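Asker: One structure follows; several queries about it will come next.
Derivation of every value follows stated rules applied to the coordinates shown; laboratory data play no part. All of these numbers come straight from a predicted model, not from anything done at the bench. Positions of Cβ are backbone-derived with ideal geometry, glycine not excepted, and every protein chain shown enters the neighbour counts.
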Ligand code: NI
């Protein structure tokens, strides 16, 4: 099932998401998240972006031909815990399915160490770097109620204000179904 994607301005994107009860059957929901993400041509999608305030996100970078490091990077992350972020900060232009048609440079640390479960409740503790780390950092922010635009300068934020209001009203062009909090 393809969900509509929640737009900027919806309070669910600002909530710290809740842990999932261990053992919960997540097969159907994880499938739906992949389906929703693929329908929108995304490489990451967090549960709050479909209105569910729980600690779960999926990533799939396997179709990005210019990013060979991501060729096996398709995973669900359940109850992830960021253990640390380290290394040299680097900048990259990010976007977000909940903030369509806005892309901005965001600086993040190069490496992370993460503890998480997959959708079958197998536990992992793993180090990620480069693009993998960045995608996880962006999605992890979603379950903490944080968005990439939070990292921008206040000047930059002011210049985006009109566009962000339009997005909240659903006044934005997307190729996927959206749920806009201020749509009349
Ligand atoms: Ni996002």
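Conditions (1) away from the ligand (no atom under 13 Å from the Cβ); (2) out of contact with any strand residue (DSSP E or B) (no Cβ under 6 Å at 6 or more places or on another chain); (3) in contact (Cβ under 8 Å) with a residue 12 or more places away in the chain; (4) under 16 Å from residue 137 (Cβ atoms), marked per residue:
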| site | (1), (2), (3), (4) |
| --- | --- |
| 37 | no, no, yes, no |
| 44 | no, no, yes, yes |
| 51 | yes, no, yes, no |
| 54 | yes, no, yes, no |
| 57 | no, no, yes, yes |
| 68 | yes, yes, no, no |
| 74 | yes, no, yes, no |
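Asker: Tell me which residues, restricted to the stretch 142-159, are within 14 Å of the ligand (Cβ to nearest atom), in a helix (DSSP H, G or I) and touching a residue at least 24 places away in the same chain (Cβ under 8 Å).
Answerer: The answer is 142, 143, 148, 149, 151.
Asker: Are any residues in the stretch 87-134 within 26 Å of residue 23 (Cα to Cα), out of contact with any helix residue (DSSP H, G or I) (no Cβ under 8 Å at 6 or more places or on another chain), in contact (Cβ under 8 Å) with a residue 40 or more places away in the chain and surrounded by 13 or more Cβ atoms within 10 Å (Cβ to Cβ), and if so, which ones?
Answerer: 117, 118, 121
Asker: Separate question: I want to confirm something. Restricting to the stretch 1-32 and keeping residues that are touching a strand residue (DSSP E or B) at 6+ places or on another chain (Cβ under 9 Å), farther than 18 Å from residue 100 by Cα and without any contact (Cβ under 8 Å) to a residue 60 or more places away in the chain, which single residue is surrounded by the most Cβ atoms within 10 Å (Cβ to Cβ)? Lay out the reasoning, then the answer.
Answerer: Quick first cut of the stretch 1-32, residues touching a strand residue (DSSP E or B) at 6+ places or on another chain (Cβ under 9 Å) only: 3-8, 10, 12-13, 17-20, 22, 24, 26, 29-30.
Now drop any that are not farther than 18 Å from residue 100 by Cα, which leaves 17-20, 22, 24, 26, 29-30.
From what's left, without any contact (Cβ under 8 Å) to a residue 60 or more places away in the chain: 18, 20, 24, 29.
Details: 18: 13, 20: 18, 24: 13, 29: 21.
Result: 29.
Asker: Considering each of 41, 84, 79 in turn, give the residue that is surrounded by fewer than 18 Cβ atoms within 10 Å (Cβ to Cβ) and assigned to a strand (DSSP E or B).
Answerer: Within the list 41, 84, 79, the selection yields 84.
Asker: Output the residues belonging to the stretch 63-76 that are touching a helix residue (DSSP H, G or I) at 6+ places or on another chain (Cβ under 9 Å) and surrounded by fewer than 13 Cβ atoms within 10 Å (Cβ to Cβ).
Answerer: Once the filter is applied, which keeps residues that are touching a helix residue (DSSP H, G or I) at 6+ places or on another chain (Cβ under 9 Å) and surrounded by fewer than 13 Cβ atoms within 10 Å (Cβ to Cβ), the stretch 63-76 yields 63, 69.
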